[in-house]
Structure formats: C-alpha cells, structure tokens
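Novice: One structure follows; several queries about it will come next.
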Amino acid sequence: MGRNLLLNQQVEHLLKAILGLARIEGTPADAPARLEARNAALTTTPMGGLQRRFRNELLVGPEDHPQNQEPADPSLPWFSTTIRFDLEPPDREALEADLDALTANRNELAHHFLPRWQPGSASSLAEASDHLDRQRERILAMHHRLKSMHSSMAETLQAAANFWASSEGTAAMELMHLQSSRMIELLEEVAAAPKRVDGWTDLAYAADVVHRLEPEALVGLTTVVQARMGLEPRQVHPSQCSYRDHG
C-alpha cells in the first residue's frame, strides 16, 4: 500500500513539473517572476485540479488553442512559449481515461482502502494484495508516460533557449522586430500607392514620405538594418535603392 501511495505522489509531482513548463511568458524583466508564481500555484493544486489543467492546457486540438495573453505595455518585448501534445483522438481519449482511473484509484487507496483490509481472512488479504499489484502496474505505466512527456518538453525548451541565445536567434529576433515595425507598415502603404510604370517604388521617395509622415518610425531602425547588412552608414544612399511591392 505504501509503495503505491509514493508512486502516486511521484505522478503528482510529474504533473506539476509538466504544467510548470507548459507555458512560459512575459517580458524579459518579469518572465522569471511569472514562472515562479505559476509553479507556486501548482504546489497547492490537488490531483483532480492538476488532471483538469493537464487536459485543458496540454491535450488540446488546433481548434481549441487558447489565445496568448496580450502584454499590458505593447512597447515592451513580450515572449510566450506554449507546449501542447497533438494526439490522435483515440490516443487522447485513452490518456484522459487513464488519468481519470488513476485519480479514482488514488482516492480509493487514500480514503477507502480499509474495507479491503481484513487481517482475519487470508483470502481477503491475498485479494487486496493482488489489487494493489495491479494498481501499481497502472501507476508505473502512467509514471513512465508522463516522465517521457516531461523529458521531451525539457529537451524542446533547451533547444529553443540555445537557438535564441545564438547569433541566428539574435538575427531572427531583429528581423521579427523589423518586420513588425511601423516603418515597414508605412513602406507597404507607400508601395501600394500609384507606382512607376515599371511597378517599382523608389526607396528615396518612400523614405521621404515616411520621414514626413512619421519621422519617429525611422529612429534606430536604419542603424539596425545597416549593422545586419555589414554596411557603414556612408555606404548607403536612398537614391541607389528601390522598393518593389511583390504582393
């Protein structure tokens, strides 16, 4: 009986560890505090609550994915990483049924096992022992599956962390920042306006329009682009460039 209770506790800790890694989000300044608060809340969540969160946060189909939380201050960089397991419907239903059975068996073991314990009956003791053995096999199977899930999540997050810490990750972040900038939006608007007969829009003209409309949109971005291209500012002249709308 005691070994089954300990195995159930290990399963519970695995569920908490998995849920702790399932969502990491925030600004660079508050993401660690958000993760700490998430894990702190999980420490007091009972088994039934952990099971519900597991299926609602990790066992969801593409059509059920919740929207990411919007940052309170849109001027700050916001990162959000969410891990989910895309299972075929039969596999998902089987896993959910196994989790339901595991929780029910845990509650029965912790609160309702006494009627099975009949010291005066050898047959009852043998039956109780067999029951505990079968229960242990089911707990071990779930423990193995959850441990594999946790290992996969940890490896995925480590690979992502290694990428974002690399030069390629830095370049990707800068490109995403540039593509979402107001400068690019304005250039697209200018390119959609009447063009030259050859379909091109002169970059000098576009830059002049952007500068007149929203000069702050260009602040800092020109330096970033030049640095990524390995160019000095004096090597770039707007009249030597053109921008074409390929849409």
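The values are calculated or read from the model by the stated rules, or taken from the named source; none is laboratory data. Just so it is clear, the structure is predicted and the values come from calculations on it, not from any experiment. Every residue, glycine as well, gets a Cβ built from its backbone with ideal geometry; the counts of neighbours run over all protein chains shown. When the accessible area is computed, the model is the full protein with side chains, heavy atoms only, and any ligands, DNA or RNA have been set aside. Shrake-Rupley method; radii C 1.70, N 1.55, O 1.52, S 1.80 Å.
Novice: Going through region 46-70 one residue at a time, which ones are open to solvent by 40 Å² or more (accessible area, probe 1.4 Å) and either of a type in the set (Gly, Ala, Ser) or at pLDDT below 85 (or both)?
Specialist: Answer for region 46-70, where residues must be open to solvent by 40 Å² or more (accessible area, probe 1.4 Å) and either of a type in the set (Gly, Ala, Ser) or at pLDDT below 85 (or both): Pro62, Glu63, Asp64, His65, Pro66, Gln67, Asn68, Gln69, Glu70.
Novice: With the requirement that a residue be surrounded by fewer than 17 Cβ atoms within 10 Å (Cβ to Cβ) and assigned to a helix (DSSP H, G or I), what does region 18-37 give you?
Specialist: Matches in region 18-37: Ala31, Pro32, Ala33, Arg34, Leu35, Glu36, Ala37.
Novice: When you scan region 107-121, how many residues do you find that are open to solvent by less than 80 Å² (accessible area, probe 1.4 Å) and in a helix (DSSP H, G or I)?
Specialist: So the answer is 4.
Novice: Tally up the residues in region 159-201 that are open to solvent by less than 60 Å² (accessible area, probe 1.4 Å), under 28 Å from Phe79 (Cα atoms) and outside any helix (DSSP H, G or I), please.
Specialist: Residues meeting the conditions: 2.
Novice: Let me spell it out: the conditions are (1) more than 36 Å from the chain's Cα centre (by Cα); (2) modelled with pLDDT under 80, and Glu188 meets all of them except one. Which number is the exception?
Specialist: Here Glu188 meets the rest and fails (1).
Novice: Listed residues Ala97, Ala128; which is open to solvent by 40 Å² or more (accessible area, probe 1.4 Å) and either assigned to a helix (DSSP H, G or I) or among the acidic types (Asp, Glu) (or both)?
Specialist: Being open to solvent by 40 Å² or more (accessible area, probe 1.4 Å) and either assigned to a helix (DSSP H, G or I) or among the acidic types (Asp, Glu) (or both) holds for just one of Ala97, Ala128, which is Ala97.
Novice: Condition test on Ser148, is it more than 14 Å from Arg55 (Cα to Cα), modelled with pLDDT of 90 or more and surrounded by fewer than 16 Cβ atoms within 10 Å (Cβ to Cβ)?
Specialist: Spelling it out, Ser148 is indeed more than 14 Å from Arg55 (Cα to Cα), modelled with pLDDT of 90 or more and surrounded by fewer than 16 Cβ atoms within 10 Å (Cβ to Cβ).
Novice: Considering each residue of region 124-138, count those that are at pLDDT below 85 and closer than 12 Å to Leu109 by Cα, and give that number.
Specialist: Number satisfying all stated conditions: 2.
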